[in-house]
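Accompanying notes for the structure given below.
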Amino acid sequence: MSHADFPITIFHNPACGTSRNTVAMVEAAGYAPKVVEYLEAGWTHEQLRELASEAGLTFRQLMREKGTPAQELGLLADGVSENSILDAMIEHPILVNRPIVVTPKGVKLCRPSEGVLDLLDRKPESFTKEDGEVVKL
């Protein structure tokens, strides 16, 4: 099956081990994903609305707290609107958790990385994460 028959897009942060493992797992399964480094590419309101909706997540659920300015921006307080979080994500792309994977089977925030296997038509024969953990396939 060629890449065109089963397109895969991974919104990736190369500094993140979970994100790197997800890309490697997809490649180990024989796919050539389109990898979008979103910290450089940025986000649009429409793009994030669509991804969150398809993944069945609120922006609050999609937001990353660790290693981001979420706390300083007041985004963790009760009652912060979804639109406020979305606007902050556009201004600070690091606030979007990763990796988000899009395939013909759906959209998912793949944490842990093996969550990506549900989105693939085939799995790698075996896979070992960067930290040495062997993924049960």
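The values are calculated or read from the model by the stated rules, or taken from the named source; none is laboratory data. Because the structure is a prediction, the values reported are computed rather than measured. Please note: Cβ atoms are built from the backbone with ideal geometry, for glycine as well, and neighbour counts cover all protein chains shown. Protein only, heavy atoms only, side chains kept; ligands, DNA and RNA dropped before computing areas. Shrake-Rupley method; radii C 1.70, N 1.55, O 1.52, S 1.80 Å.
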* Is it the case that some residue within the range 97-108 is among the aliphatic types (A, V, I, L, M) and in a loop (DSSP other than H, G, I, E, B)? -> no
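With the range 5-73 as the region, which helices (runs of 4 or more DSSP H) entirely inside it contain at least 2 residues that are touching a Gly at 6+ places or on another chain (Cβ under 9 Å), free of Cβ contacts under 8 Å to residues at least 60 places away in the same chain and open to solvent by 20 Å² or more (accessible area, probe 1.4 Å)?
Values: elements: 17-28, 38-41, 45-55, 59-62.
Where helices (runs of 4 or more DSSP H) fall fully within the range 5-73 and carry at least 2 residues being touching a Gly at 6+ places or on another chain (Cβ under 9 Å), free of Cβ contacts under 8 Å to residues at least 60 places away in the same chain and open to solvent by 20 Å² or more (accessible area, probe 1.4 Å), they are 45-55.
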* Structure fact -> A careful count of residues in the range 87-107 that are buried (at least 21 other Cβ atoms within 10 Å of the Cβ) and in contact (Cβ under 8 Å) with a residue 40 or more places away in the chain gives 7
* Structure fact -> Subset of the range 1-54, residues among the aromatic types (Phe, Trp, Tyr) and within 21 Å of residue 125 (Cα to Cα), comes to 6, 31
